[in-house]
Amino acid sequence: MKKADIVIVGGGVMGSSTAYSLRKNGFEGSIVVVEKDPTYEYSSTARSAGGFRQLYSTSINIQLSRFSLEVYKNFADEMAVDGEKAEIDFKQRGYLFLATERMLPAFAKQLMLQNSLGVPSEILSTSDLLNIIPELETSDLGGGLFCKEDGYLDPYSVMQAYRKNAQGLGVEYITAEVSSLTTEGGRMTGVQLVDGTRYSAPIVINCAGAWGAQLSEAAGLPLPVVPLKRQMYVFDSTKKLEKMLPLTIDPTGVYFRHEGDKVVAGFSEDVKPGIDFNWKRSSFDHLWPILAHRVPNFESLKLESGWAGMYDHNTADQNAIIGEHPSMKGYFVALGFSGHGMQQAPGVGLGLAELICKGKYETLNLTPLRVERFVEKDLVLEDAIV
Ligand SMILES: Cc1cc2nc3c(=O)[nH]c(=O)nc-3n(C[C@H](O)[C@H](O)[C@H](O)COP(=O)(O)OP(=O)(O)OC[C@H]3O[C@@H](n4cnc5c(N)ncnc54)[C@H](O)[C@@H]3O)c2cc1C
């Protein structure tokens, strides 16, 4: 039996941001992060599209991203280790939702809330759109919703920087798989590892991403989260574009952005829940006509590679679930991020750290994302889901 004051299950971007923030908030006890795969090959963080946006319809999501924006803008310097900057390749090329005429009123409503929270989003006309993407097909569009502060970043580098900084502050990372959460009389007592080792800890934080809900359910603490496969495609637009792309969402839901001089695209396919990393080249047949229609330069594109990754998909309202479980003292979760965890990781880590160290949220009030909201039927209904 080993001992820790806090065990974090999963050392992806959420686990590492949380571990780092706990230390930064003055938590002096021992923190052990249990990560089953130090290469992170299958973690959602390493397989993310890295899109960053403040374009949401709910205050909580806008505030989380707005907080992260400041963190990511200063990340390279703030998270430097031994004088080496933590480069995360944050490209503030903007985030753009293309809209048909019919979609515009809903975007205009979102814009009012975003602007009221300080986000400089704007509704663009079709001619404005052509200033951003000169090759865009606009005949079936009414305009778009754009935020120039947004863009995309390198998720793996964000996670590694959090991990290295957490380690530098004395957080221990161990390579092992948690087989179960252990509890007694409504209190968390620790975790059991696959190799039989037990860690006793009064606080356990479940940051196990797409695998997290299963672990919780096995401990009798079900959460409305399932793993959902998402596929990404990398292609060469043989006919080059005049300008670098913002992260652009077509009205069909297909999205694309530059990655170096290539383009990365994806969409939310209707698939059955389950862990599945099998990347199907043939699924691109659905994307290609949409891409070729929207940007005629893509007609002659060359598909080069791709990958499949997992969303930890919240089936109830597609938003993060953060906080202490109401029926298990000492059990905290940060799960259900669906497709927007990268832009929330800094605020989630800080929020959990404040909750644990100070007993309440101070910087950002994450209460709307509490575990209890499902039984209370107080869902966070977000219209801008990708
Ligand atoms: C294809 C794709 C595109 C995406 N695009 C975007 C985007 O554009 N913008 C955005 O903000 N977000 C995006 N996301 C979502 C974002 O990447 C995730 O929300 C975020 O990375 C989740 O981080 P995490 O730390 O919770 O999970 P993970 O990164 O998966 O980390 C969880 C870790 O837990 C470990 N683990 C699991 N079970 C155990 C166990 N029992 N014992 C020990 N370790 C365990 C795993 O090995 C893993 O490393 C995308 C995700 C995917 C898959």
Open item on the list: Please give me the summed charge of the neighbours of residue 266: other residues whose Cβ is under 15 Å from its Cβ, Lys and Arg +1, Asp and Glu -1.
Closed with: +3
TODO: Apply the Karplus parameterisation 6.51 cos²θ - 1.76 cosθ + 1.60, with θ equal to phi minus 60°, to every residue of segment 103-108 and state each ³J(HN,Hα) to the nearest whole Hz, in sequence, with x for glycine and proline.
DONE: 7, 4, x, 5, 5, 5
- [ ] Would you please report the Å³ per residue occupied by the convex hull of the alpha carbon atoms in segment 98-196?
- [x] 254 Å³
Task: Label-point gap, in nm, between residue 2 and residue 116 - each point 7 angstrom along Cα→Cβ - done: 4.9 nm
Task: Segment residue 293-residue 269, length gained on full extension (0.36 nm per residue, minus Cα span) - done: 6.7 nm
TODO: Take the chain, connect every pair of alpha-carbon atoms lying under 10 Å apart with a spring to form a Gaussian network, then pick out the residue of 170, 212, 339 with the largest mean-square fluctuation.
DONE: 170
Open item on the list: Give the residue list of GluC sites (Glu not before Pro) in segment 205-310 that are DSSP loop and have at most 13 other beta-carbon atoms within 10 angstrom.
Closed with: 242
Open item on the list: I need the phi-derived Karplus couplings for segment 257-263: 6.51 cos²θ - 1.76 cosθ + 1.60, θ = phi - 60°, integer Hz, Gly and Pro marked x.
Closed with: 7, 6, 9, x, 9, 9, 10
Task: Estimated FRET transfer efficiency when R0 is 51 angstrom, pair residue 192-residue 123 (beta carbons, to 0.05) - done: 0.45
TODO: Kindly report, to the nearest 10 Å², the accessible surface of residue 340 as traced by a 1.4 Å probe over protein heavy atoms only.
DONE: 0 Å²
- [ ] Give the residues of segment 235-250 whose amide nitrogen is closer than 19 Å to a point set 7 Å from the Cα of residue 300 in the direction of its Cβ.
- [x] 235-243
TODO: Using amide H atoms built 1.01 Å from N in the peptide plane, name the residues 5+ places from residue 30, or on other chains, whose amide H lies under 5 Å from its own.
DONE: 5, 6
Task: Under 15 Å, Cβ to Cβ, from residue 83 - net charge with Lys/Arg +1 and Asp/Glu -1 - done: -3
Open item on the list: Counting heavy atoms of the protein chains only and a 1.4 Å probe, report the per residue accessible area for segment 58-165 as a whole number of Å².
Closed with: 45 Å²
TODO: Please tell me the relative contact order of segment 150-283 in percent, rounded to the nearest whole number, where contacts are Cα pairs under 8 Å and at least six residues apart.
DONE: 16 percent
Open item on the list: Full-extension gain between residue 100 and residue 281, please, as 0.36 nm times their residue separation minus the C-alpha to C-alpha distance.
Closed with: 62.3 nm
Task: Links that overshoot a 27 Å alpha carbon limit, given the list 91/164; 164/329; 164/302; 148/239 - done: 164/329; 164/302
Open item on the list: Ratio of alpha-carbon Rg to the 2.2 N^0.38 Å globular estimate for the chain, to two decimals, please.
Closed with: 0.98
Open item on the list: If you fit an axis through the alpha-carbon atoms of helix 59-73 and take the longest principal axis of the Cα set of the chain, what angle between them do you get, 0 to 90°, nearest 10?
Closed with: 90 degrees
- [ ] Return the long-range amide H neighbours of residue 173 (sequence gap of 5 or more, or a different chain), with a cut-off of under 5 Å between placed amide H atoms.
- [x] 33
- [ ] Mind pulling the angle between the C-alpha long axis of helix 13-24 and the longest principal axis of the chain? Nearest 10 degrees, somewhere in 0 to 90.
- [x] 60 degrees
Task: Crossing angle, helix 155-168 versus the chain [Cα axis fit, 0-90 degrees, rounded to tens] - done: 30 degrees
Open item on the list: Please give the Cα centre distance for segment 155-203 versus segment 286-365, rounded to the nearest Å.
Closed with: 20 Å
Task: Apportionment of accessible area to carbon and sulfur, segment 157-314, percent (1.4 Å) - done: 50 percent
Task: Loop-exposed trypsin sites (Lys or Arg not before Pro) per DSSP, neighbour cap 15 Cβ within 10 angstrom, longest uninterrupted part of the chain - done: 149-238
Open item on the list: Net charge around residue 177, counting only other residues with Cβ within less than 13 Å of its Cβ (Lys, Arg = +1; Asp, Glu = -1)?
Closed with: -2
- [ ] For segment 2-7, take each phi angle, set θ = phi - 60°, evaluate the Karplus expression 6.51 cos²θ - 1.76 cosθ + 1.60, and give the result in whole Hz per residue in order, putting x for glycine and proline.
- [x] 9, 10, 8, 7, 9, 10
Open item on the list: For residue 272, give me every one of the aspartates and glutamates with a C-alpha distance below 15 angstrom, ignoring sequence neighbours fewer than eight places off in its own chain.
Closed with: 312
- [ ] List the residues whose amide H sits under 5 Å from the amide H of residue 316, counting only those 5 or more places along or on another chain, with H placed 1.01 Å from N in the peptide plane.
- [x] none
Task: Cleavage-rule hits (GluC sites (Glu not before Pro)) in segment 1-90: DSSP loop, at most 12 neighbouring Cβ within 10 angstrom - done: 28, 41
Task: Spin-label proximity, residue 130 to segment 285-300 - amide N less than 16 Å from point 7 Å beyond Cα toward beta carbon - done: 294-297
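The values are calculated or read from the model by the stated rules, or taken from the named source; none is laboratory data. What you are looking at is a predicted structure, and each value in this text was computed from that prediction instead of being measured. Reconstructed Cβ throughout: ideal geometry from the backbone, glycine too, with neighbour counts over all protein chains shown. What goes into the accessible areas is simple: the full protein's heavy atoms, side chains included, and nothing from ligands, DNA or RNA. Shrake-Rupley method; radii C 1.70, N 1.55, O 1.52, S 1.80 Å.
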